[in-house]
Structures are given as structure tokens and as C-alpha cells.
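Here the structure is laid out as C-alpha cells; the discussion comes afterwards.
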Amino acid sequence: MGCGRVGARVAVRLCAEHDVTVLDWNPASFERLGPEYTGETILGNGIDVDILKRADVASANVFLALTDGDNRNLMAAQIARSLGSGRVVARVYDPTRSGIFSEMGLITFSPTINGAKRLFSMVTNEGGR
């Protein structure tokens, strides 16, 4: 869910070897996928249970919530998990909320935390180049 820069990039890479469906509320977002994208697209709100059912998230091995909204990602991830999706991952910018939801059993990815770790590593030469 979410066809921004990250979502589109991940979808294009995954579709080479997997069946991929991208869900976004903005039809113009699908233009980011380009001609190499061979998966499906669904226009709709990712926190709408009927839309998630139409996207068949219940049979998905992985559900990625990658919009720019923490609340939307967390809610969609919880719904997808309750519908039976396999691994569910939510991008959460707020480090505190990422930790809280991680403790609740949701897999979260925080660009804020990961970016800060990477930058620290770069400036302290712990990560090389």
C-alpha cells in the first residue's frame, strides 16, 4: 500500500519474481511504476476493509504499508494482519510510535531510526563507505 517513491521502487523490483499488487488512493501515483512493472494496481483507500479484501490481502505472503502517514500505515497494517496477511510491515516515521507498535507485535520500519543509524555509522567510520 502506497505508491510513492519507495513503494513504487519496491514493487518494481519485487514484480520480477513475485505477484505484486500496488494499492494507492491517487491514480497518478501509478505512473511511478513505469513500463517494467508487471503487477496489478488497485485504486482505493488502504484503510478501507473492502478495498483490502478486493486486493486479496488475506492471501498475501507480505503486506507493506508504505504511505507517508504513520496513522494510515499502522491502521492498514493492523487490518491486513487481522484479515490474514502473512508478514505485515508498516513504515513509521515517529521513532516512539514505531517502538510502541513493534512491542505490540507489528513489524515496523522507521526511516528516522534507520537513517540516523546509517548517518552515525558514516560519520564515525563504523560503516565504511
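Each value in this text was obtained by applying a stated rule to the coordinates, not by laboratory testing. This one's a predicted model, so the numbers in the text were calculated from it and none came from an experiment. Every residue, glycine as well, gets a Cβ built from its backbone with ideal geometry; the counts of neighbours run over all protein chains shown.
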For Leu74, indicate whether it is touching a Pro at 6+ places or on another chain (Cβ under 6 Å), closer than 19 Å to Cys3 by Cβ and not basic (Lys, Arg). no
Check on Ser110, surrounded by 15 or more Cβ atoms within 10 Å (Cβ to Cβ), at negative phi, under 13 Å from the mean Cα position of the chain (by Cα) and of a type in the set (Ser, Thr, Tyr): yes
Single condition Leu119 does not satisfy, out of (1) out of contact with any Phe, Trp or Tyr (no Cβ under 9 Å at 6 or more places or on another chain); (2) within 23 Å of Ala8 (Cβ to Cβ); (3) surrounded by fewer than 16 Cβ atoms within 10 Å (Cβ to Cβ): (2)
Taking region 38-92 and the residues there that are in contact (Cβ under 8 Å) with a residue 24 or more places away in the chain, small (Gly, Ala, Ser) and assigned to a helix (DSSP H, G or I), the one that is nearest to Ala16 (Cα to Cα) would be Ser59
Note on region 10-29: residues out of contact with any helix residue (DSSP H, G or I) (no Cβ under 8 Å at 6 or more places or on another chain) and of a type outside the set (Ser, Thr, Tyr) are Val10, Arg13, Leu14, Cys15, Ala16, Glu17, His18, Asp19, Trp25, Asn26, Pro27, Ala28
